[in-house]
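Everything on this sheet refers to the single structure shown next.
The values are calculated or read from the model by the stated rules, or taken from the named source; none is laboratory data. Source: prediction; values computed, not measured. In this analysis, Cβ positions are derived from the backbone assuming ideal geometry, glycine residues included, and neighbour counts consider all displayed protein chains.
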Amino acid sequence: MPKMKRHKGLTKRMKVSANGKLRYNKSCAGHKLSQKDGSRRRRLRKRVDLDNPTMVARLRRLMLS
């Protein structure tokens, strides 16, 4: 059987925190920022923890970490 390869796109988009949680950047923060108010732009700058345990397990398997 061939080896499982890690999902390169996912590993570029998600990081594993020191406590083992998956973190990602929110979407909609790339362009057209003048239409969004300041509080929304500040909120979009922050990284977010993925909290759905089923999704975390599935994405960990894809990341092979």
- Restricting attention to segment 1-19, report how many residues are among the hydrophobic types (A, V, I, L, M, F, W, C) and closer than 26 Å to A29 by Cα. 4
- Query: How many residues are under 19 Å from K12 (Cβ atoms) and surrounded by 11 or more Cβ atoms within 10 Å (Cβ to Cβ) if we restrict to segment 25-38?
  - Reply: 4
- Does R23 meet the test of being modelled with pLDDT of 95 or more and within 13 Å of the chain's Cα centre (by Cα)? yes
- Here the qualifying pairs (Cβ atoms under 7 Å; residues six or more apart or on different chains; first in segment 1-21 and touching a residue at least 12 places away in the same chain (Cβ under 8 Å); second in a loop (DSSP other than H, G, I, E, B) and of a type in the set (V, I, T)) come out as none
- Within segment 3-53, restricting attention to residues that are in a loop (DSSP other than H, G, I, E, B) and of a type in the set (S, T, N, Q), which residue is nearest to M63 (Cα to Cα)? S17
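Conditions (1) at pLDDT below 95; (2) exposed (fewer than 12 other Cβ atoms within 10 Å of the Cβ), marked per residue:
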residue: M4; (1), (2): yes, yes
residue: N19; (1), (2): yes, yes
residue: R40; (1), (2): no, no
residue: L44; (1), (2): no, no
residue: L62; (1), (2): yes, no
residue: S65; (1), (2): yes, no
